[in-house]
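Right, one structure below, let's go through it.
None of the figures in this text is laboratory data; all of them are computed from the coordinates on show. Computed from a predicted structure; not experimentally measured. So basically every Cβ, Gly included, is an ideal-geometry build from the backbone, and we count neighbours across all protein chains shown.
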Amino acid sequence: MVFLFNIFYQFGDSLAFLLLAAIGLAVIFGMMKIINLAHGEFITVGAYGTVVSGKVFNLPLPIAMAFGVVITIIFGLILEKLIIRYLYGRPLDSVVATWGISLIVSQSFLVIFGPSYEGLQTPMGNFQLGEFSYSEYRIFLIFIALIILFLLYYLFMKTSFGTLARATIENPSISSSMGVDVKNVYTITFAIGAGLAGVTGALYAPTMTIVPSIGQAFIVSAFITVVTAGASPFVGLVPAAAFLGTVQTSVTFFYKSTIGLIAILCAVILIIRYLPKGFSGLILKTRSK
Amino acid sequence: MASILETNSVTKKFGGFTAVDNVSLSVNPGEVRFIIGPNGAGKSTFFKLVIGFHTPNSGSIKYKDQNIEKLKLHERINLGMGVKFQAPSVFSELTVLENLSLANNRNNSLNVNDLLNDFDLISEKNNLAGDLSHGKKQWLDIALSTISKPDLVFLDEPTAGLSVDETKITGEIVKNLNKQGITFIVVGHDMDFVKQTATKVSVLHLGKMFIEGSIEKVLSDKGVNDIYLGLS
């Protein structure tokens with residue numbers, strides 16, 4: 001029983017991390033095709049926004065988290081207006097530009113806040129099962145990740161705004177010919193993606209050491225999860241994260257975490273080779289049969 | 001009668017090349033006006049000027065007496081215009097119904113099933129638009145540009161790639177929409193379609209307005225025949 005729960009806990013922790021790392025990028029890269037190498041820095045902004053507002057203004061954690069998310073949305077909006085809107089349809093240029101943004105932001109955090117910042121205490125508590133102790137907050141993150149993903153799926157797949165956003169990104173000229181202000185749709189969609197990265201930073205802020213490179217811990221997981229999810233990221237994200245989480249958990253359980261990371265990278269190579277449209281391509285193909 | 005669209009001495013140059021040269025045009029409400037001419041006549045550039053893809057170097061474009069030459073496409077659409085580009089422009093990843101609901105941002109009282117019947121799309125309403133035949137994509141595209149009941153619709157080569165039968169059906173669709181009060185400006189090549197649908201024709205040649213009038217007047221003009229035969 002304890003053994004099984006331990007496996008479930010490790011798997012759930014890995015699943016939540018992969019999902020939360022990927023949600024913002026699923027919008028910005030998966031939908032909008034901006035290869036955002038500054039995604040980690042968006043998460044960093046969310047984490048610092050949460051921790052600094054929590055410490056400086058002595059805010060309760062949920063309020064500090066909301067503050068962190070709002071700061072990230074504003075940060076995303078400014079970047080979109082100044083730089084990103086000139087990069088739609090230019091994926092290679094977006095790599096260079098967002099890489100530059102990433103360097104500037106991480107170095108700015110280093111200059112402003114120093115090499116590390118005093119973190120917040122992890123909320124909730126721990127519970128004991130057998131000889132192992134488990135964080136209740138980590139369990140909470142699993143459910144939050146699934147709820148956020150469901151809401152995101154609903155927003156982009158079931159609402160009129162979601163249809164409009166998907167349509168506009170597929171073909172801005174047609175949307176414009178229907179009277180849609182394409183720039184506004186792009187700006188709002190990008191702000192949602194930035195806000196979701198901020199949510200990730202805010203949620204993980206109490207669990208990690210706050211350093212300027214905190215976002216780098218997420219960037220690889222974010223990209224491999226979105227790529228494995230495929231062309232329709234909101235359909236493929238859960239199976240992709242579940243698959244990668246299973247690979248990582250099982251390999252890490254028997255070997256160590258470095259080998260687990262190597263294993264998921266190998267798994268991604270196999271997925272790209274045999275499922276070029278990712279898990280969403282497989283699901284949509286199966287549904288249409 | 002006040003014109004719904006009026007261009008006044010509109011000129012567009014690309015470097016040293018003048019694609020549209022001093023073109024003045026006045027379209028009255030209720031018309032199905034065709035803009036025709038041989039390749040290189042300036043039809044496409046003129047189309048792009050009136051829909052807002054190009055800004056004229058000189059001259060003015062008025063829609064219901066309002067200058068629109070500096071407005072973007074979506075701003076012109078929101079004044080009550082519709083546009084259909086030459087290639088069928090439908091959202092291929094959305095269903096036929098999703099395409100229509102996205103385009104229907106003004107006409108809330110619309111009966112979608114009636115509309116689907118009018119455009120022969122009822123049996124494909126839940127299919128992805130990308131899976132439709134070329135002809136049905138063209139009709140869906142016309143439906144998208146007219147669903148909000150705009151006062152003026154621009155159609156660029158709406159019968160491109162269609163069979164003779166499909167062209168006839170397209171003509172009937174346009175005439176039916178015209179009876180419902182929509183004015184059309186159509187850029188086209190297909191003379192059978194022009195004869196079936198046009199109420200007035202404007203011929204462009206080398207970027208200039210060559211002749212305007214009824215289809216009979218235009219077709220009986222020796223100059224027009226010479227242009228199409230490459231004699232001038």
Exercise. What order do you get for A:176-182, A:248-254 when each peptide is scored by the mean count of other beta carbon atoms within 10 Å, highest first?
Worked result: A:176-182, A:248-254
Exercise. Rg (Å, one decimal) plus Dmax (Å, integer) for the alpha carbons of chain B?
Worked result: 17.5, 53
For this session: Please label the shape of the range A:2-288 as rounded, prolate or oblate, based on the square roots a ≥ b ≥ c of the eigenvalues of the alpha-carbon gyration tensor (a/c under 1.5 means rounded; beyond that, a/b larger than b/c means prolate, else oblate).
Result: oblate
Exercise. Treating the beta-carbon of each Lys and Arg as +1 and of each Asp and Glu as -1, no other charges, what is the dipole magnitude of the protein assembly as shown about its Cα centre, to the nearest 20 debye?
Worked result: 340 debye
For this session: May I ask you to order A:233-241, A:165-173 by the average number of other C-beta atoms within 10 Å around their residues, highest value first?
Result: A:233-241, A:165-173
Problem set entry | Local electrostatic count, B:Val27, Cβ distance below 12 Å [Lys/Arg +1, Asp/Glu -1] | 0
Problem set entry | Helix-only mean residue ellipticity at 222 nm for the protein assembly as shown, each DSSP H run of n ≥ 4 adding -39500 (n - 2.57), per residue, nearest 500 | -18000 deg cm²/dmol
Seminar exercise, completed: For B:Asp165 and A:Val70, extending 7 Å from Cα along the Cα-Cβ vector and measuring point to point gives, in nm, a value of 6.4 nm
Exercise. Any idea how far the Cα center of the range B:129-157 sits from the one of the range A:254-268, in Å?
Worked result: 51 Å
Problem set entry | Using a Förster distance of 51 Å, the FRET efficiency for A:Ser257-B:Asp114 (Cβ separation, nearest 0.05) | 0.25
Problem set entry | Nearest-0.05 FRET efficiency for A:Glu170 and A:Glu118, computed from C-beta distance (R0 51 Å) | 0.65
Problem set entry | For residues of A:160-167, the mean tally of beta carbons on other chains within 10 Å | 3
For this session: At 7 Å along the Cα-to-beta-carbon direction for both A:Lys158 and A:Arg85, put a label point, then send me their distance in nm to one decimal.
Result: 3.2 nm
Exercise. Mind checking the dipole of the range A:72-198: about its Cα centre, +1 per Lys or Arg Cβ, -1 per Asp or Glu Cβ, Debye to the nearest 20?
Worked result: 380 debye
Exercise. Roughly how many whole Å is it from the C-alpha centroid of the range A:2-74 to that of the range A:91-141?
Worked result: 7 Å
Exercise. Where does each of A:149-159, A:199-209 land if you order them by average Cβ count within 10 Å, highest first?
Worked result: A:199-209, A:149-159
Exercise. Alpha carbon centre of the range B:178-232 versus the range B:63-104: separation in Å?
Worked result: 25 Å
For this session: Once you've got the Cα coordinates, tell me which of B:Lys43/B:Lys70; A:Lys33/B:Lys13; B:Lys13/B:Lys175; B:Lys64/B:Lys84; A:Lys33/A:Lys158 are over 24 Å apart.
Result: A:Lys33/B:Lys13; B:Lys13/B:Lys175
For this session: Kindly flag which residue pairs out of A:Lys285/B:Lys137; A:Lys183/B:Lys62; A:Lys285/B:Lys149 have an alpha-carbon separation exceeding 27 Å in this structure.
Result: A:Lys285/B:Lys149
Exercise. Considering every residue in B:64-76, what mean count of other chain Cβ atoms within 10 Å of its Cβ is obtained?
Worked result: 2
Exercise. Other chains near A:175-188: what is the mean number of their Cβ atoms within 10 Å of each residue's Cβ?
Worked result: 6
Problem set entry | Eligible aspartates and glutamates near B:Lys195 by straight Cα distance, threshold 16 Å, same-chain separation 8 or greater | B:Glu31, B:Glu157, B:Asp165, B:Glu166, B:Glu172, B:Glu212, B:Glu216, B:Asp221
Exercise. Excluding same-chain residues fewer than 8 positions from B:Lys12, which aspartates and glutamates have a Cα within less than 15 Å of its Cα?
Worked result: B:Asp21, B:Glu69
Exercise. Which length gain, in nm to one decimal place, applies between A:Gln128 and A:Val2 when the Cα-Cα distance is subtracted from 0.36 nm times their residue separation?
Worked result: 44.3 nm
Exercise. When the dipole is taken about the Cα centre of chain A, and only Lys, Arg (+1) and Asp, Glu (-1) are charged at their Cβ, what size is it in debye, to the nearest 20?
Worked result: 800 debye
For this session: Among DSSP beta bridges whose residues both lie in chain B, state the antiparallel percentage, nearest 5.
Result: 55 percent
Problem set entry | Cα-based reach from B:Lys72 at 16 Å (exclusive), listing aspartates and glutamates while leaving out same-chain residues under 8 positions away | A:Asp181
Problem set entry | Inter-label distance, nm, simple model (7 Å from Cα along the C-beta direction), A:Leu110/B:Ser123 | 6.7 nm
